1. Keeping to segment 503-519, report how many residues are surrounded by fewer than 17 Cβ atoms within 10 Å (Cβ to Cβ) and within 17 Å of Thr552 (Cβ to Cβ).
2. On the given criteria, is Leu271 touching a residue at least 60 places away in the same chain (Cβ under 8 Å), touching a Lys or Arg at 6+ places or on another chain (Cβ under 9 Å), surrounded by 23 or more Cβ atoms within 10 Å (Cβ to Cβ) and not assigned by TED's automatic domain parsing to the domain that holds Ser87?
3. Testing Ile595 on (1) crowded, with 18+ Cβ neighbours inside 10 Å; (2) at pLDDT 90 or above, one condition comes back false. Which one is that?
4. Scan segment 51-75 residue by residue and report those that are over 31 Å from the mean Cα position of the chain (by Cα) and among the acidic types (Asp, Glu).
5. Mind listing just one residue for me: the one in segment 458-470 that is surrounded by 14 or more Cβ atoms within 10 Å (Cβ to Cβ) and not basic (Lys, Arg) and, of those, modelled with the highest pLDDT?
6. Within segment 73-90, take every residue that is over 21 Å from Ile124 (Cα atoms) and in contact (Cβ under 8 Å) with a residue 12 or more places away in the chain and give me the one that is surrounded by the fewest Cβ atoms within 10 Å (Cβ to Cβ).
7. Restricting to segment 509-540, give me the number of residues that are in a helix (DSSP H, G or I) and closer than 25 Å to Lys583 by Cα.
Amino acid sequence: MKKIFPLCFLLLFLSKANAQNKTIDSIKEKLSAAKEDTNKVQILITLGLAYVWNKPDSALMYGLKARELSQQLNYIDGEIEVAPVLSEALSSKGNFSKALEIDLQAMQLAEKNGKQNLFQEYMIGGVYFYSGDYTKALEYFLKYKSDSDEITKGFIGETYYHLGGLDSAFFYISKAYEMDKNYRAHWTVPYYYMALIEAKQGKFENALDNYRLGLLYGKNINLDIANGYNGIAVVFKQMGQVDSAAYYAKEAMKLAQRESLTPNVLDASALLTELYIKINTDSAFKYQRIMLDAKDSLFSEEKIKQLQNLSFNEQMRQQELKQTIQQTQLKYRNRLNIYILLAGLLILLIVVLGLWRRNIFKQKSYALLHKQKQEIDHQKTQVEQTLERLKSTQSQLIQSEKMASLGELTSGIAHEIQNPLNFVNNFSEVNIELTDELKDELDKTQLSPEEKVTIEKIADDIKSNQEKITFHGKRADSIVKGMLQHSRSSNGIREPTDINALADEYLRLAYHGLRAKDKSFNSSMKTDFDESIGKINIVSQDIGRVILNLITNAFYAVTEKKNRVQDNFEPTVSVSTKKLDHKAEVRISDNGDGIPEKVLGKIFQPFFTTKPTGQGTGLGLSMSYDIITQGHQGELKVETKEGEGSTFIIILPV
């Protein structure tokens, strides 16, 4: 750790000192004369730091050489120390999944060496910040929080800003701002984010002054320059000065493209698209293409999956570590309880022997002793039962935490997808309107009938394509909403519930809900409830969602069959309950077409559906399966026969 913390300050110093050419040349001379040892590793790391915010490609080259040499020398500290160089360079280029992978590997190496690497957790927070996951970034930054550290105050402040907490953002940014004024080497973040806050308050001139001051302090740092130009462009846009905004946004994009700073390319091109959309559509479409290319590079499906998998694996690793600690503590408490119980039993045995020896001929004392022994046995039984309940509760809590973590991750991804999806849908609808306006303008132009017919056909084709884009965009929107519903958590509190009343209520709710949507819908309903079940402990909100989903699917199945065969068919949906040994069974049956054998094994998989395109997200059965099997330790099974119908069986422990 003595080497890790100075690394942070060296990173800041080299960036603030602008990596002067004389310094870099001097380091390169030392590198050419260095032997293949740990000293050369340190020189390579220093060179990587000198380039990390100016030329990320050069920083990557030196960082990778340092890591490779560290691995050859089995120099663990070198592998750990080079991780911030590689992570920062990769994040600047937009390769967040690889940056996170390197930081996690370094943290695991530090843990194996028995070191608590808090600085590495700070770097992990930086990757989440650059990728836009500000909630996770704040979690890691707060672990590394220090009252005397300007850097962490700056990062915590800008993270609160992106999360919408302006008061907290101003609190931390203003502290970093005042601290930076007293330093000889300055950092641009406090000035840029103070400018952002002032711009939100309408203090545009103050905001521009702070941006210019930040540019002055970071004049030879390409990343700082690009961020400063983008910030100034945004302020000019807010002031209504479009030409000035476009100038600075173009300067930011030129620099970012030259130095492979993909996130800055995305910011600048998005701003230019917005500036030109109303005044020059050709330029707007040009910058829109650049923006979409940058967004694909940053947030491709493969990169999102990699980042998701790495984050999920780290959460599982932390959860397993926490579970191991809890199990160790529980074992210790169990042993302690056993020792206490044995000591109590030993004391009790001594007392009993004394009483027996003193009162061996007295029947009354013997009866009293017998009664005491029964009470002790009863208490022992209660202690054992309590211990079993504690073990069961612990298992449920661990499972709930795992499912909550996965739900948060799914919800975060769905929210991130929602923004670009809304962008696609909105522009698609705008293009449809523009096509109609184009056709209206054709009637006002002097063209031959053949030319008008040709242009109208092209316009109709464009409109048709845009309508298809809108249709599939809305379908993707429904899938995202399904993911959010899938990850939505209930209060998780189990309470005694009448399962018969719950099933009957949701049967009526599903029927009248479908009737409200489609007046032609009709179906027979049959119920057969076992009154001996009584009330069972369940999360009624979750089980209600499962029953409603299965009944809605059953009504859909019988309606589809009715539409196909028309006469001689009566749609029927049945709901029944039955009490088994320590279990309750709920059956939901329909006389629809059943489920084909070839897809039967896939129906509980997320996003798999047998419904036509656009009519189902494939998340209902997956959500139901998780609620029953994971949330309630029950079973969800299906019995089906093609052409005759299906029966879904819910089995819950009583």
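1. 9
2. When the stated conditions are applied, Leu271 does not pass them.
3. For Ile595, the failing item is (2).
4. Glu68
5. Ile462
6. Leu73
7. Going through segment 509-540 one residue at a time, the tally reaches 4.
One line per residue, one yes/no per condition, for (1) closer than 27 Å to Asp267 by Cα; (2) at pLDDT below 75; (3) among the aromatic types (Phe, Trp, Tyr); (4) out of contact with any helix residue (DSSP H, G or I) (no Cβ under 9 Å at 6 or more places or on another chain):
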| residue | (1), (2), (3), (4) |
| --- | --- |
| Leu109 | no, no, no, no |
| Asn113 | no, yes, no, no |
| Gln120 | no, yes, no, no |
| Val127 | yes, no, no, no |
| Ser131 | yes, no, no, no |
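The values are calculated or read from the model by the stated rules, or taken from the named source; none is laboratory data. Bear in mind that the values here come from a model prediction, so they are computed numbers and not experimental data. Cβ coordinates were reconstructed from backbone atoms using ideal geometry, including for glycine residues, and neighbour counts include every protein chain displayed.
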